[in-house]
Amino acid sequence: MTAPYVELRAHTAFSFGDGAVAPDVLIARAKVLGYHAIGITDHADLGGIVRAKLQATTETSIKVIAGAELRVDGKPLALLARNAAGCRNLGALITHARVGVLPGWDRANPRRTRGLPHVAWDVVAEHSEGLHCLTGPASGALAMLLRARDGRGAERWVGTCRDVFGDRMAIEVQDHQTGGEERALAGALVALAERMGVPWVVTNDPRYIDDGGRLVHDILTALRAGMTLDEATARGILHPNDTWRLHAPDEMARRWAGCEEGLHESVRIASECDFELRWLRPPLPDFPEVFGGDQMARLREEVYKGARVRWGDTLSEPQSRQLKHELSIIDELGFAGFFLVMWEAVDFARNTLNVLCQGRGSAANSAVAYCLGITAVDPVAHNLLFERFLSGVRVPGVSGEYAEAPDIDVDIEHKRREEVLDHMYKKYKREKSGMVCIIQTYRGPNAALDAMRALGYPVDVARMVSKRMHRYDPADGADALEDGLAEELGLCIDDARGKTLLAAMRAFDELPRMRSTHVGGFALSSVPIGEYLPVEHTTMGRTIIQFDKDDLDAIGVPKFDFLGLGALSLVRFSFDEIKRQTGKCLELYNLPQDDAETFAMIARGDTLGTFQIESRAQISSIVHTKPSEMYDIVVQVALVRPGPIQGKFVHPYTRRRRGKEAPVYVHPSLEDILKRTYGIPIFQEQAMNIAKRLGGLPIEKVDALRRAMGNIRKEEKLAAVIEELKQAMLDNADNTPRVTPDVAEQIGQDLQTFANYGFPESHAWSFALIAYATAYLKYHYAEYFYLGLLNAYPMGFYRPSTLIHDARRHGVEVRPPCLLSGTSQCTTEPTDDPSRRALRIGWKFIRGVGAKTIARLEGAQELRPFSSIADVIERVHLDRAEALQFARAAAFGAWEPDRRRAAWEALRAVGDVMPLARARETAYAPRPLDTRELIFQDYAATGICVTGHPMEHLRERLRGAAIFDSQALETVPDGARVRVGGLVTVRQQPTTAKGTIFLLLEDEFGYINIVVTKKMVEHYREVVKHEPFVVVDGYVARDDGTTNVIGVMFQKLPVSHSLIHDVHNFH
Amino acid sequence: MIACIYGVIPTDGVSEVSNAPDALARANGNSLAFHVALLDVVPRVSTTGAMIWADIRGLPECATIDRLIALLRRSGFSHATIGVAATPIVAEVAARQLARRQIPAAWRHVVDSSASVGVARVSVGDERAFLDPLLLGVLEPDPTLANLLDGAGFEYCRDLAQVSRESVEVRFGAAGARLWRLARGDDDRYLFDVIPRALPESSMAWSEYAIKRVERLVFVLNGLCGAVCRALRDGGEGAMAVTLRFSLANRTVFEHPVRAARPTSSQTVWMRILRVELERLMLPDAVVGIAFRVDALGPLGDKQGDLFDRGFVTASAAEAGLSQVLDDQGDIAVAPHNTRHHLLDRRTEWRPLDATQALDISPGLAHTDPVLTLQLLSRPTRIAVTTIERRGCQVPRTYRDGATVRTIVDAAGPDVVSGEQWHRPYAREYYRCVTTDGQLVWLFRDVQGHGWYLHGWWD
């Protein structure tokens, strides 16, 4: 039976600040309450509609009506999409309300009107086709006229609206039981509707579905007004009661008994409205227009042109076959344009902007992508599976069956990615392109902070609690508070306020909080994209679509990913400097791939600063596996990740690699597939091959397995696919010998575990190439490598101080920042040895000096070189603190080597502001700093020490106390008790380690790995988690080249100065 | 010389000047006694931060310090230290360094090793030399300045003291110049309040007889008042408040404060006031002595009248008068503060006003044009109600008001209010009802407590 009422005006959390229910939760609740349809009208936002539709389609089968509440000439008005045209008009109106006229965007001058979307009536009239108009709530234009007793004006307004929408309009009537005035308004609206012959409709405008939702809504309302809940209550800005919740149709019918006409109208309107996700799908760019001619022909031409560059004039048979195969699939699925877009972007970045870029992910399985220069891995040479990238299968989706767009992620030097994005905007027109958004949901810290702010807790208490919530979702955070954390923090949760805090945090769980920009996802269209996918702009001046990556997947919109990668910047900076200083022109892809010295360095674990293989876990694994060729690095990249570690695949691989254990293949056919990884499934391509060969599955099924593995949240789906595979393996008569149930079970189990960490081999290849390049640079061009690393900073695993100590250990002379010969970036300088150059630290590393000051320095230096300390101060207008920091960092060293005297002179220049009565240059002779003081001052000024290591001055004392350094530790036998000390540079607490913390101690000779078990962490928490210098008593644990100290006692190592030192804390 | 006592007030960051007595109380539990005893030893005492300062200029130095030591020991502060020097900074540094046992070896002789409480005496003329070997941190410069000084290589007081003032001022600004002076032992801090001057007072006592009659007392008082008023006139001031102190035959003392409406030095005015007061007084015994003491003074010439007759009084006089009232009687001036709380009974709060706010009574209150006025009960009265169901709601039909049962002919509602679940949750359904006798009453159902209440009526 059809419900007597349809709620047409529900709000979700995508009304950001005025809605407190997630779209999918709203739909689920609507189903429970007995609705057969529901309309969603968020404030100028369609962001929740895809989630709602997915929930409605897959779980609940109720009808979702897409709509939005817009401010039209300053007053709210609701519009519902009736059909595809209405859906597009709705998108266009939202875009108009959010960003105005599309071609008017200017990244350099972003408009500051976010949060106040509005549109003029004329624009609404222009886009009225396919839309159903509801006249808005009590603050709407019509209601306001009636409240002002302007009956004539109200009639005129209705007349105007009817002229535009015809019979596609209804006067909206609400009753939230707030008093006589509201009821009088309702009566007046109904009377007006009857007088004018216009239908009237009941709506309730709900914002939440339960008490928790109301609390969240109150909190959000109070925070929007910048006040606490108590203040908001006193000011009367909260809803006076809880009737703004989603009521059951029967309850609404009871409330409006005797006035059923408005209820029936809601059902009628709902029956006339429809919504399909595919209506949101914009047409892809008109590539013939962009590239000229037939796009498939153009693609084929570019591919074969690239193939000649990659493979030479004569293609081998496998190369030729592979290209033909891929091109036929691309043609069949209609993705030629997609490839051309990526090719053009990469080509422009590489050849016009001279930016390093490289495709990653499964795209590297494609020979077409390789020939187009998008990726750098030869899939034919490495026998990579193209189907992992593009299967040619059309998959069913909520918006109809469609070909899943290929996923090509392109890494670009992170410092220059914006240039590529600007090019995309320019090339495909600003109004036809937009970045993908990310919907951030509430997490423990912001839920606690928001709730506590609204509940009037002191700010410092809120911050303290918030800091302890980092690992929690809001509900888990509330549980943690109840389980003792509140007591530990001295927070009372037994009073009304405390209980409300817990309730609010639970209600915040999984609630969308804000929209931000995706790291690099782009969507393109041949028409203004905002007409299909509502667009808004960010404070940076970009334009983002109101849908995230998953929403776009559901709609079927291909996404172009341009991601920033620090390692590419590193390589670029290094290559540029090498070319400048030596004339050698290195390329990322023509480095010798079999350089024995580089592999020897990697096998030693001397990989600090390199890409992907620099973490302690990687180093520890590398010294075991001893990579000797590129494929070893490929495996290494894929292997040392949380998934394989949790899946307990790392140690078997290591043992087999070292020959301590023979590879085991449960079926002979697996040997061919898993031989290179010693019988351990590491790559997704291997899983697909297993399904293909042993299961004999068709490509659609193999693709289904790949997609199920890619979505670890859908465990039941994965289980079903694996179950199907097991059966297929048993049934496949081509297997010799036949697969037994035990074997099928074993393979099924392995794949189930593997699904949690499966990594495309092609992706690992892409990363391995960069990893190798960085290692090559480190060995052969150390000073340039560190220059690239520091100029690309922030990136990687280690702090600059650690990198500099590493550089010095590799024989690189490191010089402090200099305002005469240096620049804001690190540079190299000649040394006495013509074969080596010294590394000069850039000004940007000087602490306490902002970007604006650096820019002024650059400008002034460009004009003419600085001539003295006073010249720097006068031309750049440094303040006292900045002048002091430059002096401390020895940046005035060219004019005054003594840092204190330099500071004295710099401070004089800062304070000497009266040109007619200059301050005298007083003689000043402070005590020179000793080495130890210089080290600590370096840490304070730049975090980079060029004069030594802080442990040096403690060494004598430590030796007296029989405390070993990292060098001496190597002589201690396995299992021996030992005391070591050092500076903590990395503190790692992986979730997989169950409470164990790994410390990396640094001293003047190298590093010491410390393992702190959970029990020890609990016992020595303060020292382990907070002290910069520690002494550890423990046992030496050696394993084929790696040395760890298993700590049993921890002490603070007292030092005379406090060290300003960043520790890299990982979780 | 100035003595600085360190270690009595806890250095926990809470001991600001304003709450130093509290800190003392925390430390000892008998702060009043300590203060009284301290004032007995040294008449001028002040506190800043964790320091207690005693002005021993003009007092016998050794004897006073001995008495201070004895007092500290007696009060349980044997761990405290005393720094004695001609300038506050040196005394302070000496006391603090002594407490930390960081007096430089070359200056150990300033420490009085025989004393049972640590005492360091720095002789006049030795101030700068005493500070020279100490780290600049002892002068407690603010962190920004300390950072600059550290960067330029100033480690010890002598480093800063030996450079020129101009070079310091150019580089470190005014704060640097101030520190430079301190580093040289030069400190002109104003530590002690001015000693309050004695107010006019006059008294007379007799032993041969005792006075019981008011006329005689007035006669005596007239003489005393005349003397006091003359003194007041000489100073160009008027008395605001006086105290009459009667010594009685039963050897007790009876004090009676008297206030005037405005400061005056007129003997006639005061005697008129006193005569009225004396006629009201009921003394327990005959009087053998009278003292007439001025408690508060004020400038002459400012009119004082009715506080609320703003055309008559001067603004300053009215403010001063109200301030006086507030001082004497606390937060008695209040004003209603209306909010837009959804519950009418929680809308008004009475908030205390200070003198300025109290005088600023704006005439433009929101204008209302009531046809009917809602009269709220101070507290909603619980009532018994019979209901009928309408659209799923229980609508009142009759209610009992005392012994009378009233029938409701029409009820509009419910108007639902609910909220404040984080504090005092409420949920009510209000009905505007017309009774058979024409009364318009306001009832509500407490949804949480399930009771019915009469909240008010319109008339």
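The numbers here are math on the coordinates, done by the rules we state, and not lab data. In this text, all values refer to a predicted model and were calculated from it rather than measured experimentally. For neighbour counting, all protein chains shown are included, and Cβ atoms are generated from backbone atoms with ideal geometry for every residue, glycine included.
Structural remarks
- Ordering A:Val158, A:Val637, A:Ala554 by Cα displacement along the dipole of chain A toward the positive end leaves A:Val637 in first place; charges were set at the Cβ atoms of Lys, Arg (+1) and Asp, Glu (-1).
- Mean separation of Cα contacts under 8 Å, 6 or more apart, over the residue count of the stretch B:167-256: relative contact order %: 16 percent
- Cα gyration tensor category, rounded, prolate or oblate, for the stretch B:56-100 with a/c compared to 1.5: oblate
- Inter-chain shielding of A:227-240 (mean C-beta neighbours from other protein chains, 10 Å cut-off): 4
- Fewest-first sequence of B:Ser123, A:Ser526 by Cβ atoms within 10 Å of each Cβ: B:Ser123, A:Ser526
- Here the mean projected area of the convex hull built on the C-alpha positions of the protein assembly as shown is 78.2 nm².
- Share of pairwise Cα separations in the stretch B:384-459, more than 22 Å, in percent: 21 percent
- Full extension of the chain segment joining A:Glu488 with A:Asp250 gains 80.9 nm, where the gain is 0.36 nm per residue of separation less the Cα-Cα distance.
- Lys, Arg +1 and Asp, Glu -1 on Cβ, resulting dipole of the stretch B:200-284 about Cα centre, debye, nearest 20: 200 debye
- The distance separating the Cα centre of the stretch A:138-197 from that of the stretch B:377-417 comes to 32 Å.
- FRET efficiency, B:Thr404 to B:Val447 (Cβ-Cβ, R0 30 Å, nearest 0.05): 0.70
- Cα convex hull of the stretch B:199-239 - mean projected area over all directions, nm²: 3.3 nm²
- Average other protein chain Cβ within 10 Å of Cβ, residues B:406-417: 3
- Extreme residue, positive dipole direction of the protein assembly as shown, given options A:Val1030, B:Ala85, A:Gln612 (C-beta unit charges): B:Ala85
- Average 1/r across all pairs of distinct alpha carbons in the stretch A:417-479, invert it, and you get the Kirkwood radius: 14.3 Å.
- Enclosed volume per residue, in Å³, of the convex hull spanned by Cα atoms of the stretch A:645-735: 94 Å³
- Estimated dipole of the stretch A:753-879 in Debye, rounded to 20 [Cβ of Lys and Arg +1, of Asp and Glu -1, Cα centre]: 200 debye
- Taking the Cα atoms of the stretch B:415-459, the ratio Rg/Rh between the radius of gyration and the Kirkwood radius comes to 1.08.
- Trypsin sites (Lys or Arg not before Pro) lying in DSSP loop within the stretch A:978-1034, provided at most 10 other Cβ fall within 10 Å: A:Lys994
- Debye log10 I(q)/I(0) for the stretch A:501-543, one point scatterer per Cα, at q = 0.14, 0.20, 0.27, 0.31 Å⁻¹: -0.54, -0.78, -1.05, -1.19
- Projection of the Cα convex hull of the stretch A:979-1040, averaged over all directions and equal to a quarter of that hull's surface, yields 4.6 nm².
- Neighbourhood charge, 9 Å Cβ-Cβ cut-off, centred on A:Met144 and excluding it, Lys, Arg +1 and Asp, Glu -1: +1
- Cβ-placed point charges (K, R +1; D, E -1), dipole of chain A about Cα centre in debye, nearest 20: 2040 debye
- Distance from the stretch A:37-75 to the stretch A:1018-1042 (C-alpha centre basis), Å: 55 Å
- With 10 Å bins beginning at zero, the pair-distance distribution over Cα atoms of the stretch B:151-272 amounts to 10, 27, 15, 8, 8, 14, 13, 5, 0 %.
- Phi-derived couplings, Karplus 6.51 cos²θ - 1.76 cosθ + 1.60 at θ = phi - 60°, listed residue by residue for the stretch B:69-81: 4, 4, 5, 4, 5, 4, 8, x, 9, 5, 7, 5, 10 Hz, with x used for Gly and Pro.
- Summarising the strand pairing of chain A, around 65 percent of its internal DSSP beta bridges are antiparallel.
- The Cα atoms of the stretch A:934-1016 give a gyration tensor whose axes a ≥ b ≥ c have a/c of 1.5 or more with a/b no greater than b/c, which makes the shape oblate.
- Stretch in chain A that is longest and holds no GluC sites (Glu not before Pro) that DSSP places in a loop and that have at most 15 other beta carbons within 10 Å: A:130-400
- 10 Å Cβ neighbours from other chains, averaged over peptide A:155-164: 0
- A Förster radius of 56 Å, combined with the Cβ-Cβ distance separating A:Lys499 from A:Ala968, puts the computed FRET efficiency at roughly 0.45.
- Radius of gyration and Dmax over the Cα atoms of the stretch A:550-669, both given in Å: 18.8, 56
- Its Cα gyration tensor gives the stretch A:133-270 an equivalent ellipsoid. The semi-axes, each the square root of 5 times an eigenvalue, are 28, 18, 13 Å from largest down.
- Diffusion constant of the stretch A:732-881 at 37 °C, which comes from Stokes-Einstein with the Kirkwood Cα-pair radius and 0.692 mPa s, µm²/s: 166 µm²/s
- Positive-pole candidate from A:Tyr678, A:Val527, A:Ala78, dipole of chain A, charges at beta carbon: A:Tyr678
- Estimated 222 nm signal from helices in the protein assembly as shown, with DSSP H stretches of n ≥ 4 weighted -39500 (n - 2.57), rounded to 500: -12000 deg cm²/dmol
- Distant-in-sequence amide H partners of A:Phe522 (H built 1.01 Å from N, under 5 Å): A:Val436, A:Phe560, A:Asp561, A:Phe562
- The stretch A:522-600: C-alpha gyration tensor shape, a/c 1.5 cut-off, then a/b vs b/c: prolate
- Hydrodynamic analysis of the stretch A:487-618 uses the Kirkwood radius over alpha carbon pairs. Inserted into Stokes-Einstein at 37 °C and 0.692 mPa s, it gives a translational diffusion coefficient of 156 µm²/s.
- Under 5 Å from the amide H of B:Thr47 lie the amide H atoms of B:Trp53, each residue being 5 or more positions distant or on a separate chain, with H modelled from the backbone and absent for Pro and chain starts.
- Ellipsoid equivalent to the stretch B:109-212 - semi-axes via the Cα gyration tensor, in Å: 49, 21, 12
- The calculated pair-distance distribution of the stretch A:832-942 uses every alpha carbon pair, bins of 10 angstrom beginning at 0, and gives 13, 43, 32, 10, 1, 0 percent.
- The stretch B:203-241 residues near the modelled B:His256 label - backbone nitrogen below 15 Å, point 7 Å along Cα→Cβ: B:211-222, B:225
- For A:Leu820, the residues 5 or more places off, or on other chains, whose built amide H falls under 5 Å of its own are A:Ala894.
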